[in-house]
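The values are calculated or read from the model by the stated rules, or taken from the named source; none is laboratory data. Note that the structure is predicted; figures quoted are calculated from it, not measured. Cβ coordinates were reconstructed from backbone atoms using ideal geometry, including for glycine residues, and neighbour counts include every protein chain displayed.
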Amino acid sequence: MFNDAVRAREDARKAEQPFPTAGQLSRKLITEAKRTAERSWLGEVSAVVLQQSLRDAETAYRNFFASLKGRRKGPQVGAPRFKSRKDTRQSIRFTANARWNITDSGRLSLPKIGTVKVKWSRTLPAAPTSVTLIKDAAGRYFASFAIDTDPAADATRMPETDRTIGIDLGLTHFAVLSDGTKIDSPRFLRRAEKKLKKAQKELSRKQKGSKNRAKARLKVARAHAKVTDARREFHHRLSTELISENQGIAVEDLSVAGLARTKLAKSVHDAGWS
């Protein structure tokens, strides 16, 4: 659906015609396409998922044009590109009108999919407005919920303080704080290199296109995912601790992308300065 929207707009651009609107794309690419033999399978999934893909394409184009005109902060955003069925990360989103719900037994009931078992990482603090299902490179599935929270309740979670802190990032130590505290660098990637190297060797020996290669690729992806998860957990715990104890935080303005092109690239990425 996303690719169909990009193709329709690219064809209009090449023909020097106005871009089709979201309503026109929805009618042509969803309503009318379902009636054709080639696209009849679109009826097998929730229409809300298809509509969300069109909205994602719309947002991608809006960000692209805003970036071209200098109205969008940050690095320049390129034009939307076609997605591949071989992409290792895939996702779909259900909004409230998709009639999904969380059952009394703690399962996730999804339209045209059914009831799915969930291993909850935390209790939802409020009723969710949408859910995004994500499949990562390691073949794992995640449910990410969007909720509305009370700003006053959020503020009570952070105690008042007049402390300020400065952070100097490094490689020997992950960070040195202005009060003299030194935070060691866990070096998650370095510690997992032996296992990663073995998994990568096994992958390289497998024949391309074979089922064994697909299994070996998943093994490599899971090993990398374990490193990524551990690094992310470390970053979240440290950042939560810093913002809980300090009112102001000063961080040096490093060009991480530039340093990642030097001989220190692996160590910089392992530390996760970005």
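Looking for whichever is at pLDDT 95 or above and either out of contact with any strand residue (DSSP E or B) (no Cβ under 7 Å at 6 or more places or on another chain) or assigned by TED's automatic domain parsing to the domain that holds residue 168 (or both) here; the options are 215, 201, 208. Which one fits? Give the steps one after another, and end with the answer.
Numbers: 215 fails: at pLDDT 95 or above; 208 fails: at pLDDT 95 or above.
Only one candidate qualifies: 201.
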Given the conditions (1) touching a Lys or Arg at 6+ places or on another chain (Cβ under 8 Å); (2) among the acidic types (Asp, Glu); (3) without any contact (Cβ under 8 Å) to a residue 24 or more places away in the chain, report the number of the one that residue 136 does not fulfil.
(3)
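Scan region 170-187 residue by residue and report those that are part of a strand (DSSP E or B) and basic (Lys, Arg).
Keep residues of region 170-187 that are part of a strand (DSSP E or B), which gives 173-177, 182-184.
Residue satisfying the conditions is 182 alone.
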Would you confirm, using the coordinates I've provided, whether residue 231 is assigned to a helix (DSSP H, G or I), surrounded by 16 or more Cβ atoms within 10 Å (Cβ to Cβ), touching a residue at least 12 places away in the same chain (Cβ under 8 Å) and touching a Gly at 6+ places or on another chain (Cβ under 6 Å)?
yes
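Every residue, every condition in (1) in the same structural domain as residue 7 (by TED's automatic domain parsing); (2) over 21 Å from residue 135 (Cβ atoms); (3) aliphatic (A, V, I, L, M), yes or no:
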{"position": "39", "(1), (2), (3)": "yes, yes, no"}
{"position": "45", "(1), (2), (3)": "yes, no, yes"}
{"position": "49", "(1), (2), (3)": "yes, no, yes"}
{"position": "55", "(1), (2), (3)": "yes, no, no"}
{"position": "64", "(1), (2), (3)": "yes, yes, no"}
{"position": "75", "(1), (2), (3)": "no, yes, no"}
{"position": "82", "(1), (2), (3)": "no, no, no"}
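Considering only residues of region 29-52 that are of a type in the set (Gly, Ala, Ser) and farther than 17 Å from residue 92 by Cα, which is farthest from the chain's Cα centre (by Cα)? Explain how you work it out, then say what you get.
The first filter runs over region 29-52 and keeps only residues of a type in the set (Gly, Ala, Ser), leaving 33, 37, 40, 43, 46-47.
When the remaining residues are screened for being farther than 17 Å from residue 92 by Cα, the result is 33, 37, 40.
Details: 33: 29, 37: 34, 40: 30 Å.
Only one residue fits best here, namely 37.
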Consider region 146-193. How many of its residues are among the charged types (D, E, K, R) and closer than 26 Å to residue 223 by Cβ?
5
Within region 253-271, work out how many residues are surrounded by 12 or more Cβ atoms within 10 Å (Cβ to Cβ) and in a loop (DSSP other than H, G, I, E, B).
3
If the requirement is being in contact (Cβ under 8 Å) with a residue 40 or more places away in the chain and either loosely packed, with under 10 Cβ neighbours inside 10 Å or of a type outside the set (A, V, I, L, M, F, W, C) (or both), which of these qualifies: 163, 191, 217, 122?
163
Of the residues in region 141-160, how many are touching a residue at least 12 places away in the same chain (Cβ under 8 Å), loosely packed, with under 12 Cβ neighbours inside 10 Å and either touching an Asp or Glu at 6+ places or on another chain (Cβ under 9 Å) or closer than 27 Å to residue 273 by Cα (or both)?
1
First in region 38-49 and under 16 Å from residue 110 (Cβ atoms), second anywhere and among the polar types (S, T, N, Q), Cβ under 7 Å, 6 or more apart:
48/95; 48/97
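A quick yes/no check of all residues on (1) outside any helix (DSSP H, G or I); (2) in contact (Cβ under 8 Å) with a residue 12 or more places away in the chain; (3) surrounded by 15 or more Cβ atoms within 10 Å (Cβ to Cβ):
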{"residue": "207", "(1), (2), (3)": "yes, no, no"}
{"residue": "226", "(1), (2), (3)": "no, yes, yes"}
{"residue": "239", "(1), (2), (3)": "no, no, no"}
{"residue": "243", "(1), (2), (3)": "no, yes, no"}
Candidate set: region 121-136, residues that are modelled with pLDDT of 95 or more and hydrophobic (A, V, I, L, M, F, W, C); chosen: the one farthest from residue 100 (Cα to Cα)
134
Some residue of region 151-158 being among the polar types (S, T, N, Q) and part of a helix (DSSP H, G or I):
yes
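Report yes if residue 252 is acidic (Asp, Glu) and either out of contact with any Leu (no Cβ under 7 Å at 6 or more places or on another chain) or over 22 Å from residue 74 (Cβ atoms) (or both), otherwise no. Spell out the reasoning first.
Details: acidic (Asp, Glu): yes; either out of contact with any Leu (no Cβ under 7 Å at 6 or more places or on another chain) or over 22 Å from residue 74 (Cβ atoms) (or both): no.
No: the conditions fail for residue 252.
I'd like the residue in region 86-119 that is basic (Lys, Arg) and surrounded by fewer than 13 Cβ atoms within 10 Å (Cβ to Cβ) and, out of all such residues, is modelled with the lowest pLDDT. Walk me through how you get there before you give the answer.
Our first condition is that a residue be basic (Lys, Arg); within region 86-119, this holds for 86, 89, 93, 99, 107, 112, 117, 119.
Checking the rest, the ones that are also surrounded by fewer than 13 Cβ atoms within 10 Å (Cβ to Cβ) come to 86, 89, 99, 112, 117, 119.
Details: 86: 82, 89: 89, 99: 90, 112: 92, 117: 95, 119: 95.
Going through the qualifying residues, I end up with 86.
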